[in-house]
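Enquirer: Below is the structure I would like to discuss, written out as structure tokens.
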Amino acid sequence: MDTTKDAAPTHHVRDWVSQAVVASFLAGGIAGAVSRTVVSPLERLKILLQVQSGGKSEYKLGIWKALQKIWREEGMKGMLAGNGTNCIRIVPYSAVQFGRRLLCGALAGITSVTVTYPLDIVRTRLSIQSASFERLGVKDVSQKLPGMWQVMTGMYKNEGGILALYRGIIPTVAGVAPYVGLNFMIYESVRTYFTPDGQTNPSNVGKLMAGAISGGVAQTCTYPLDVLRRRFQINTMNGMGFQYKSIGHALQTIFAQEGFRGLYKGIAPNLLKVAPSMASSWLSFEMTRDFFVSLNPKNDEDEL
């Protein structure tokens, strides 16, 4: 029996996925899904704090108590609210982002944000709709809430068509280039400090540390733009009370009502999630990419 023909399709697949660009693309998508799922509870808490206006205290309990509140009121579904939509959004986002470096990464990030933004705004709405904000009324945990598609179509029909699904895109895009650029630049710089002499790559622990540091610095520098993004995403959501007319008006209102600290609401759970998120993202990216590259059929020939 001729096994050459049988092996040919597998050979071509291995040759294709082992290409540097393809391996980075696939590994980036997997890394994005892994990292977002790991930190989903902290990501949701961050969003709830970001959209909670001054004087309200439903989730100002400290990180641990706030997470306990979510668990007590909504269970595991509350911890992971919106995570499915976030994973659907982040896989192509991270795949494109990790397939490039520095300037190309920033441009790729802007492109991927624009393409996947409707899923991001829906993810924010899903995170909020079951929360126990006083203005949203008391929530019945047994009540069936709208899913991803229902929220998206509802926004489209009732809040201004396609533009409603892109509300908040300007501060989002404004934050992508510096965030992606800083993240890649700092990671590539820091990882050298964790690389032992005579070796080209750091250990897995070194990669985790470099990812945590790069993510923390990049997130802190661009965080106010993330707060603006969330506020605009719910600007027309019933019960939340935000009616910003522009970015300038939003900044003026936040400063007047909440002070400078208002631009950093939710930064504590965000920084706590950044370390495991970026660490697991970079580590899973490099490990997955190296695995795909190792599938190159030429490696089999070298071993013979």
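The values are calculated or read from the model by the stated rules, or taken from the named source; none is laboratory data. Since the structure is predicted, the reported quantities are computational estimates derived from the model, not experimental observations. Here the Cβ is made from the backbone with ideal geometry for all residues, glycine too, and neighbour counts use every protein chain on show. Surface areas here come from the heavy atoms of the whole protein model, side chains and all, with no ligands, DNA or RNA. Shrake-Rupley method; radii C 1.70, N 1.55, O 1.52, S 1.80 Å.
Enquirer: Based on this model, can you work out whether Gln50 counts as open to solvent by 40 Å² or more (accessible area, probe 1.4 Å) and at pLDDT 80 or above?
Expert: Values: open to solvent by 40 Å² or more (accessible area, probe 1.4 Å): no; at pLDDT 80 or above: yes.
Against the criterion (open to solvent by 40 Å² or more (accessible area, probe 1.4 Å) and at pLDDT 80 or above), Gln50 does not qualify.
Enquirer: Looking at segment 79-90, is at least one residue within 17 Å of Ser284 (Cα to Cα) and either open to solvent by 30 Å² or more (accessible area, probe 1.4 Å) or at pLDDT 80 or above (or both)? Talk me through it step by step, then tell me what you get.
Expert: Of all residues in segment 79-90, those within 17 Å of Ser284 (Cα to Cα) come to 87, 90.
Retained after the next criterion (residues that are either open to solvent by 30 Å² or more (accessible area, probe 1.4 Å) or at pLDDT 80 or above (or both)): none.
So far as segment 79-90 goes, no, none of its residues is within 17 Å of Ser284 (Cα to Cα) and either open to solvent by 30 Å² or more (accessible area, probe 1.4 Å) or at pLDDT 80 or above (or both).
Enquirer: Continuing with this model, one more query. Among all residue pairs at least 6 apart or on different chains, which show Cβ distances below 9 Å where the first residue, located in segment 56-69, is part of a helix (DSSP H, G or I) and the second is among the basic types (Lys, Arg)?
Expert: Qualifying pairs under 9 Å: Ala66/Lys60.
Enquirer: Might you let me know whether segment 212-224 holds any residue that is at pLDDT below 85 and open to solvent by 40 Å² or more (accessible area, probe 1.4 Å)?
Expert: No, there is no match, as no residue in segment 212-224 is at pLDDT below 85 and open to solvent by 40 Å² or more (accessible area, probe 1.4 Å).
Enquirer: Is it the case that segment 235-246 has a residue that's at pLDDT below 90 and part of a helix (DSSP H, G or I)? First the steps, then the outcome.
Expert: Going residue by residue through segment 235-246, those that are at pLDDT below 90 are 235-246.
Filter again for part of a helix (DSSP H, G or I), leaving none.
Within segment 235-246, none of the residues are at pLDDT below 90 and part of a helix (DSSP H, G or I).
Enquirer: A further question on this structure: What's the total number of residues in segment 149-165 that are more than 17 Å from Arg231 (Cβ to Cβ) and touching a Pro at 6+ places or on another chain (Cβ under 8 Å)?
Expert: 2
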